[in-house]
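The values are calculated or read from the model by the stated rules, or taken from the named source; none is laboratory data. Everything quoted here is computed from the prediction, not taken from an experiment. Here the Cβ positions follow ideal geometry from the backbone for every residue, glycine too, while neighbour counts run over all protein chains shown.
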Amino acid sequence: MVPAEEIKFIFNPYVLHPGDILLMNTYEEQLRKKMGCKYEHAAIYLGDANLIESNGAYVTMSHIYSYAFREKDHACVLRMKNLSPVTATDIARNARKQMGREYVDARQFRHVRVLKNTDVKDTTNRSFCSRLVAQCYAEERITLVPNADYCEPDDFLQSQMLEPVEDGVVPMTADLVKVVMNQQAYRERVETDSPNAEMFALLSELYSDDIQDLGQTLHASLRKPELNERAIAVVRASRMFKHMDDVKRETPWVLDDEEFLGHFQNTEEALHYLYSQMNHYDNTYLPCYRELHMQMVVLANQFPDNALVVFLRDYISKMVEEAIVCRKRFAVLYKLLEKERAEDTEQFVLRYGMYRFIDYEPQVLDIGFMLRDMLKGDSIE
């Protein structure tokens, strides 16, 4: 964590697009000295103030403000020239599919510089930061670096396909100090916690296969259907696909009016929280959950005798329903503040505006990505 008094710059989510590449000096000085590089870490921006990274343990999602910098040139944002919004969204989706993938054996790094200009492919089924970024682009037939399996963060600086994003890194402001410190602390607390990885490890043992993502799980279930009932038990016992359990564990005060009001004595902080949560649900949680559910619906139709696929279709449907319940709950809490703290709420709205949709409104789900996956041969994922 960078101490609050040393933070001068942060990423600027207001100008970032999904698929943008984030390069960072994370102040691992020994690592940077060993690598002889300007940046020792890379990540992909997902949108909605979130990034995805391979953090030394697993591929995981973090908030954009969970990284902070002492100098402006300690971070950089790169964007592909003329990248279409559809392709950018698919690149971000490729990154999300890798959630939970294990980090490589550190000994593999000794080969990166030797292999980065060759056509040697990785066979470990593992990831590290720059490999994650390059592979997510390579899945869309975009070659940013000579070898997507073996590359370093600084290699992206040399790519003729990328250009810096103006104002991608901006000065820290006083009103964001608390948010940035909280996000840094949260990332540090949960960076080695991955329900995905825990579940995939158990499924790997069950299927006697190296499973690092859901697509690989489904492939294994098709090869060994006799193990699918046991796989269902593994999924049921894991923390995956249990949205309401996560809410009860992390923010139990959301579910009780009095506890919510007691948790937020400051109305402005309460409303910032509600606006943020409604935005996350509308733009990240629910769209991603619904996409995953739709994929399971299609696969269950294609493989109706596969018990694991049918189970996941129904299990993930329940997760979507739980997330909708939570999203509606935030609307209720907003109206509670309107009633109990009317003057403060009015002042907040005058200053920041009204969130566009207080009440939950289901959005149309674009399933075009599934057709594109089929054309790439990735329909099982």
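Here is how the numbers come out for the structure above:
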| quantity | calculated |
| --- | --- |
| Scan of region 1-48 for residues that are part of a loop (DSSP other than H, G, I, E, B), under 18 Å from His280 (Cα atoms) and either out of contact with any strand residue (DSSP E or B) (no Cβ under 6 Å at 6 or more places or on another chain) or modelled with pLDDT under 90 (or both), ordered by number | Pro13, Tyr14, Val15, His17, Gly19, Asp48 |
| Answer residue from region 219-232, given it is free of Cβ contacts under 8 Å to residues at least 40 places away in the same chain and surrounded by 12 or more Cβ atoms within 10 Å (Cβ to Cβ) and is farthest from Asn196 (Cα to Cα) among those | Lys224 |
| Residue match in region 4-24 (condition: of a type in the set (D, E, K, R), under 13 Å from Pro153 (Cβ atoms) and surrounded by fewer than 19 Cβ atoms within 10 Å (Cβ to Cβ)) | no |
| Pairs with Cβ under 7 Å, 6+ apart, first in region 347-373 and more than 19 Å from Val298 (Cα to Cα) and part of a loop (DSSP other than H, G, I, E, B), second small (Gly, Ala, Ser) and at pLDDT 90 or above | Ile358/Ala331; Asp359/Ala331; Tyr360/Ala331 |
| Test: residue in region 195-208 that is assigned to a helix (DSSP H, G or I), touching a strand residue (DSSP E or B) at 6+ places or on another chain (Cβ under 6 Å) and buried (at least 18 other Cβ atoms within 10 Å of the Cβ) | yes |
| Counted residues, region 298-318 - those being closer than 27 Å to Pro18 by Cα and either without any contact (Cβ under 8 Å) to a residue 12 or more places away in the chain or within 23 Å of the chain's Cα centre (by Cα) (or both) | 2 |
| Any chance Asp257 is farther than 30 Å from Gly56 by Cβ, assigned by TED's automatic domain parsing to the domain that holds Phe348, surrounded by fewer than 18 Cβ atoms within 10 Å (Cβ to Cβ) and at pLDDT 95 or above | yes |
